[in-house]
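**Student:** Let me give you the structure first, and then I'll get to my questions.
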Amino acid sequence: MSDVIPSSPVFEMYPVGFMTISTHLQMAGFRTRIVNIAGLMLADEKFDAEERIRKLDADVYFIDLHWMPHAHGAIEIAKLVKKHHPGSKTEFGGFTSSYFYDELIRRPEVDLVMRGDTTEIPTVRMMEALSKGGDLSSVPNLVWKDAEGRVHDNGLTYVQDDLDNIVFDYGVMIKNVMRTMDVTGSLPWYGWDKVPLTSVFTVRGCTVDCAECGGSHSANGRVCRRARPAFRSPEKLAEDMEGISNYMRAPIFVVGDIRQAGPGYCERFLKSARERKIDNHVVIELFNGAGPDHFSAIDRTFEGGWSIEFSPDSFDEAVRLALGKGYTNAAIESTISNAFGNGCSRFDLFFMTGLPHQTRESAMQTAADARHLWGLVGKDDGLFIYDSPFAPFVDPGSRAFEEPEKWGYKLRARTLEDHRKLLDSPSWKHVLSYETVWMDRDQIAETSYDAAIVLTNAERDSGRIDAAAAEARNARTETARDIMHRVDEILKMDDPDARESRLWELKEDGVRMMNNTIADKNDLDWTSGSIWRNAPRIGVGLLKSFMRGRH
């Protein structure tokens, strides 16, 4: 699935909460630094991760275990921290940490786990207690060990009703880079400096309850004790965008459908954004279909142009309805036409393989239907369609994870340790934590590659890529499939040493296929220029930040 996310398959992306937590800690007088170990490893094959961790000096090491693909690496980082800094604390946070908090805190390399999705203020209270030798039992949302190793759970009681007191400032990252002179280690993901993408968040929580989503309404209630979404006010959201615009011209991804809190919220946000004359390109997310009036209002607002991200997951209405997405194919079609008819510069549409009620035939038909969707728009309209496997895991906390039989899933992993072991597998197919009653793992994998070829051919036949580009992409897809088959054969070997040796022989082939496997990942990039082209704007932004601080 790394073909359809900004980072590599390593998922070397840290959550935006690192930035907001850092901001609040710095405001409270603590020094912070973000070090993206995975990004540094990707930037230099000779980089020594353990040596870098040994040289870091901190009282508390915060390690994100937000996304499930970090389940293996996050624990290994914690082990290295405890090896070289036995007197320091390790603290875990994020969605996955909040779900598996009880299992996590019982590991010897974990000292603290912060639960919940609005932990900026509880984290400051935790650090104040630690720095003053105070009582950690008064810190909400914290799970911790005392000096004797006994586990204490303070309960998840701090859940903010809105997000307006959270300080959102990209300048924190820039100032940290200037202080540490570590550009690569501060980047959100490897290569971000060349093709930067920023984001602002409308909400924590969600109004929608898609069955497979770990960020759905019911998952947020289960994992974060969130009864209702917490929104950032429309005016604050526009202010966040202006703050980014002060520093750089990079595209701004507005996370969460701006219609979730109702039409009044959407109108206030667009009005405030218009008044601030934001000239960055803006990426808007949709959770269901939209009419021409919505797109026309967006077009009147953003001077730097705008794009759409929409994830129907399947073009099979029965599958989509089973997931909890209650809109029709006709709504998807009219949404695409309405967007391009009102100034949209690009429209990204995402489908997946491995969903409830999805047969091989259904998945293949979704890929084939891309030809129809491209036929709805002009050849120069930027409609990009992606189709990737639902990988690697069914999200813990989602309805599908909690009641797998109801949704037709057969889970191979329930605990954090189960997922960690799967991540050590040599092929993405073997990492998959599930099968469905409609497709087993082999069928999901083969169908994913077959659908990719159908999609590429549909893009060629629609005149959007030439025959040479299609042939090259299909060849990469077949090479990736062949590597998967070779891994399958190697895993059948009885001799463990011979098996390991043969797998290592495949390593370089696998590395070459890390990106652009079944799609052209460069399609995900928005034209913005590197951050170095933004140097004058960054300087002005830092000066404005300094002047605000003086007042």
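The values are calculated or read from the model by the stated rules, or taken from the named source; none is laboratory data. Note that this is a predicted model, so its numbers are computed, not measured. No Cβ is skipped: glycine too gets one built from the backbone with ideal geometry, and neighbour counts run over all protein chains shown.
**Student:** Which ones in the stretch 224-257 are free of Cβ contacts under 8 Å to residues at least 40 places away in the same chain and crowded, with 19+ Cβ neighbours inside 10 Å?
**Tutor:** Listed by number, the residues that qualify are 229, 234, 237, 245.
**Student:** Another question, if that's okay. For the stretch 438-519, give me every one of the helices (runs of 4 or more DSSP H) that falls completely inside it and has 2 or more residues that are polar (S, T, N, Q). Outline the logic, then answer.
**Tutor:** Values: elements: 441-461, 467-491, 496-505, 507-512.
Filter on the stretch 438-519 gives 441-461, 467-491.
**Student:** Tell me which helices (runs of 4 or more DSSP H) are completely within the stretch 92-160 and hold 1 or more residues being closer than 15 Å to residue 21 by Cα, assigned by TED's automatic domain parsing to the domain that holds residue 29 and without any contact (Cβ under 8 Å) to a residue 60 or more places away in the chain, or say none if there are none.
**Tutor:** Details: elements: 95-99, 101-105, 120-132.
The helices (runs of 4 or more DSSP H) meeting that bar are 120-132.
**Student:** Out of (1) crowded, with 20+ Cβ neighbours inside 10 Å; (2) aromatic (Phe, Trp, Tyr); (3) more than 21 Å from residue 392 (Cα to Cα), the odd one out for residue 47 is which?
**Tutor:** (1)
**Student:** Among the residues of the stretch 265-316 satisfying the criterion of being among the aliphatic types (A, V, I, L, M) and over 25 Å from residue 370 (Cβ atoms), which is surrounded by the fewest Cβ atoms within 10 Å (Cβ to Cβ)? Break it down stepwise before answering.
**Tutor:** Step one: list which residues in the stretch 265-316 are among the aliphatic types (A, V, I, L, M), which gives 270, 273, 278, 282-284, 286, 290, 297-298, 308.
Now restrict to residues that are over 25 Å from residue 370 (Cβ atoms): 270, 273, 278, 282, 297.
On the way: 270: 19, 273: 25, 278: 20, 282: 21, 297: 17.
Out of the qualifying residues, it is 297.
Each row is one residue, and each column tells you yes or no for (1) among the charged types (D, E, K, R); (2) outside the structural domain of residue 314 (by TED's automatic domain parsing); (3) free of Cβ contacts under 8 Å to residues at least 60 places away in the same chain.
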residue: 442; (1), (2), (3): yes, no, yes
residue: 454; (1), (2), (3): no, no, no
residue: 465; (1), (2), (3): no, no, yes
residue: 473; (1), (2), (3): yes, no, yes
residue: 482; (1), (2), (3): yes, no, yes
residue: 489; (1), (2), (3): yes, no, yes
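**Student:** Here are some conditions: (1) crowded, with 17+ Cβ neighbours inside 10 Å; (2) farther than 30 Å from residue 101 by Cα; (3) polar (S, T, N, Q). Residue 260 meets all but one. Which one does it not meet?
**Tutor:** (2)
**Student:** Residue by residue through the stretch 209-223, note down the ones that are in contact (Cβ under 8 Å) with a residue 12 or more places away in the chain and either surrounded by fewer than 19 Cβ atoms within 10 Å (Cβ to Cβ) or touching a helix residue (DSSP H, G or I) at 6+ places or on another chain (Cβ under 6 Å) (or both). Show your work before the answer.
**Tutor:** In the first step, residues of the stretch 209-223 are kept if they are in contact (Cβ under 8 Å) with a residue 12 or more places away in the chain; the result is 209-220, 222-223.
The answer is 209, 210, 211, 212, 218, 223.
**Student:** Hey, another quick one. Regarding the stretch 416-426, can at least one residue be identified that is in the same structural domain as residue 350 (by TED's automatic domain parsing), surrounded by 17 or more Cβ atoms within 10 Å (Cβ to Cβ) and among the polar types (S, T, N, Q)?
**Tutor:** No, the stretch 416-426 has no match at all.
**Student:** Shifting gears a bit: What number of residues within the stretch 167-178 satisfy the criterion of being under 23 Å from residue 11 (Cβ atoms) and part of a helix (DSSP H, G or I)?
**Tutor:** The qualifying residues number 4.
**Student:** For the stretch 327-350, name all the residues that are in contact with a helix residue (DSSP H, G or I) (Cβ under 8 Å, 6 or more places away or on another chain), not hydroxyl-bearing (Ser, Thr, Tyr) and not in a helix (DSSP H, G or I). Write out each step before concluding.
**Tutor:** Within the stretch 327-350, the first condition is being in contact with a helix residue (DSSP H, G or I) (Cβ under 8 Å, 6 or more places away or on another chain), and the residues that meet it are 327-329, 332-333, 336, 338-339, 341-344, 347-350.
Next, from what is left, pick out any that are not hydroxyl-bearing (Ser, Thr, Tyr): 329, 332-333, 336, 338-339, 341-344, 347-350.
Residues satisfying the conditions are 341, 342, 343, 344, 347, 348, 349, 350.
**Student:** Is there a residue being touching a Lys or Arg at 6+ places or on another chain (Cβ under 8 Å), more than 30 Å from residue 266 (Cβ to Cβ) and buried (at least 22 other Cβ atoms within 10 Å of the Cβ) anywhere in the stretch 130-141? I'd like the intermediate steps shown before the answer.
**Tutor:** Of the stretch 130-141, the ones touching a Lys or Arg at 6+ places or on another chain (Cβ under 8 Å) are 130, 138-141.
Going one step further and asking which of them are more than 30 Å from residue 266 (Cβ to Cβ), we end up with 130, 138-141.
Adding the requirement that they be buried (at least 22 other Cβ atoms within 10 Å of the Cβ) leaves 139, 141.
Scanning the stretch 130-141 turns up at least one residue that is touching a Lys or Arg at 6+ places or on another chain (Cβ under 8 Å), more than 30 Å from residue 266 (Cβ to Cβ) and buried (at least 22 other Cβ atoms within 10 Å of the Cβ).
**Student:** Here's something else I'd like to know. Name every residue in the stretch 317-363 that is within 19 Å of residue 208 (Cβ to Cβ) and of a type in the set (A, V, I, L, M), in order of residue number.
**Tutor:** 318, 319, 321, 322, 323, 331, 332, 349, 352, 355
**Student:** Further question: Go through the stretch 179-219 and give me each residue that's more than 25 Å from residue 278 (Cβ to Cβ), in contact with a Phe, Trp or Tyr (Cβ under 9 Å, 6 or more places away or on another chain) and either hydroxyl-bearing (Ser, Thr, Tyr) or in a helix (DSSP H, G or I) (or both).
**Tutor:** 184, 207, 219
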